[in-house]
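Just so you know, all these numbers are worked out from the coordinates, no wet-lab data involved. Keep in mind that this is a model prediction, so the values were computed, not measured. Here the Cβ positions follow ideal geometry from the backbone for every residue, glycine too, while neighbour counts run over all protein chains shown.
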Amino acid sequence: MKCRTIRRQLLNCEDVHNPPAIVQQHLVQCSACRTWQGRLLHIEKNVAYIPIPESTFGRAQLFYRLRSVAAGASPEEVLAQLNVDHHENEEDIQPLTLTKPISPPKLPYQPFDFRKNWRYVAASAAAVLLLVVGWWVLIPTHQPLSPSVAHKTRTEYKEDPLLAKLVQLNVLLTSSEKEADRIAALRQIGRDLEAEAQTLGESEQELRDEFGQMRQQINTLLAKHGFSLKETARFTSEQADAERIEKRKQNRKLVRALVDGSMRMVEENDTLKRINYCSELANVLAGELRQAAQRKASHRALEMGKHLGQLLEHAVAKNLAVVRKSRSLQADEIKVVSSWVSEVTAPIEDELRDSQDENLQKALQVVHKGHKEVERALGQIA
């Protein structure tokens with residue numbers, strides 16, 4: 001739940017010191033909202049000490065009643081009228097008879113004397129000061145943001161489409177029994193890298209060179225099998241924006257691990273070995289997930305968790321079932337797979353188990369599901 005929603009609930013609850021359970025859970029994690037709650041309690045506590053000016057309306061009303069009764073009324077009747085609210089028997093009070101209608105008195109104009117009414121002035125100044133301080137405390141102040149940061153705050157988190165596609169192709173490479181299918185998947189990876197490099201401007205020459213180097217390595221491998229990327233390279237006039245370039249820099253290690261693992265799988269006909277090639281990519285994904293969780297970047301942690309869960313469930317677990325149908329696995333082979341999968345997932349499950357963040361809990365669930373699918377597949381083989 002966002003801080004703005006929590007603060008609205010604090011303003012609406014009757015007891016700010018004891019808010020609802022969902023608000024208390026947020027306050028445990030958010031120090032900014034706890035400070036905001038403390039300021040709200042301070043204001044609420046001191047409102048009672050604001051002096052209230054004495055009313056002049058009652059005095060004017062008394063004079064009006066005295067003048068009205070004085071028009072032909074006896075002193076006893078005047079006293080009865082003044083004490084009507086305290087008389088024991090209201091039926092004994094006789095209505096007053098006026099000799100002529102009397103209009104309400106016009107109070108004479110009197111200039112305001114600051115020396116005699118300094119208490120009223122002080123009370124008014126205190127009320128205005130309280131309003132100003134309350135506005136300053138309760139209304140969040142915003143410092144100027146840089147264009148890149150301001151753009152992030154206006155837009156929701158977007159996952160990296162290139163990374164998602166490369167993970168899918170990596171899963172396809174792991175599952176493909178035919179070498180021709182694996183070559184086709186690798187060619188697609190090369191085309192995607194070329195298309196992405198074309199979106200980078202001259203200011204990102206380092207990234208362009210890195211993408212070009214990976215594409216050249218893929219092209220060299222494909223040439224051994226009689227294929228080339230030159231005929232299928234795509235060109236685009238679309239230029240990457242600042243957010244997309246940041247994604248490229250942030251995920252360059254992941255892209256490298258995906259390309260290296262894919263190139264190793266192309267010429268490997270043993271499905272079990274291709275499964276174990278996924279361990280390097282799984283370790284990189286797990287490391288990025290844990291780092292994002294430590295930085296409180298829960299959206300990125302969830303993105304990494306989805307990719308890791310997809311890799312474990314579709315590239316490892318499902319292909320273990322394929323291997324089981326073709327041949328029996330030795331105990332040491334089963335142990336190798338179980339070992340690296342546990343080493344990847346165990347730290348994540350330990351670190352995120354007690355987290356209250358919704359995205360981190362979703363990431364944990366996806367990774368835990370992938371781990372369980374691998375264990376289930378290994379149990380069926382054993």
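What are the ³J(HN,Hα) couplings of the stretch 170-177, residue after residue, when phi is run through the Karplus curve with 6.51, -1.76, 1.60 and θ = phi - 60°? Round to Hz, x for glycine and proline.
In residue order, the calculated couplings are 5, 4, 4, 4, 5, 8, 6, 7 Hz.
For the stretch 270-382, calculate the relative contact order in percent as a whole number, restricting contacts to Cα pairs under 8 Å that are 6 or more residues apart. Intermediate values should be presented prior to the final figure.
Details: 122 pairs, mean separation 44.0, N = 113.
Reported relative contact order: 39 percent.
So, in nm, how far is label Ser326 from label Asp241 when the simple model puts each one 7 Å beyond its Cα toward the Cβ?
Modelled inter-label distance: 4.5 nm.
How do Glu196, Glu156 rank when sorted from fewest to most other Cβ atoms within 10 Å of their own Cβ?
Details: Glu196 21, Glu156 6.
Placing the least packed residue first, the sequence is Glu156, Glu196.
Just rank Thr174, Thr35, fewest to most, by other beta-carbon atoms within 10 angstrom.
Values: Thr174 26, Thr35 11.
Fewest-to-most ranking of Thr174, Thr35: Thr35, Thr174.
Using mean Cβ contacts within 10 Å as the protection proxy, how do 240-252, 277-289 order, highest first?
The packing order, highest mean first, is 277-289, 240-252.
Starting from the Cα-Cα distance between Thr220 and Gln25, subtract it from 0.36 nm times their residue separation and give me the gain in nm to one decimal. Could the numbers behind the result be given before it?
On the way: separation 195, 0.36 × 195 = 70.20 nm, distance 5.60 nm.
Between Thr220 and Gln25, full extension yields an extra 64.6 nm.
In what order do Glu351, Glu373 fall by count of nearby beta-carbon atoms within 10 Å, going from fewest to most? Let's see the in-between values first.
On the way: Glu351 15, Glu373 19.
Least to most surrounded, the residues fall as Glu351, Glu373.
Hey, what D do you get for the stretch 213-328 in µm²/s if you plug the Kirkwood alpha-carbon radius into Stokes-Einstein at 10 °C and 1.306 mPa s?
It comes out at roughly 96 µm²/s.
If packing is taken as the average number of other Cβ atoms within 10 Å across a peptide's residues, how do 124-131, 215-222 rank, most packed first? Don't jump to the answer; show the numbers that get you there.
Values: 124-131: 12.0, 215-222: 16.9.
Highest mean packing first, the order is 215-222, 124-131.
Using label points projected 7 Å from each Cα along Cα→Cβ, tell me how many nm separate Tyr157 and Glu179, to one decimal.
Each label point lies 7 Å from its Cα, and together they span 4.3 nm.
Take peptides 185-195, 19-29 and line them up by average Cβ neighbours within 10 Å, highest first, as a rough protection proxy. Could the numbers behind the result be given before it?
Working: 185-195: 20.7, 19-29: 14.2.
Ranking, from highest mean packing down: 185-195, 19-29.
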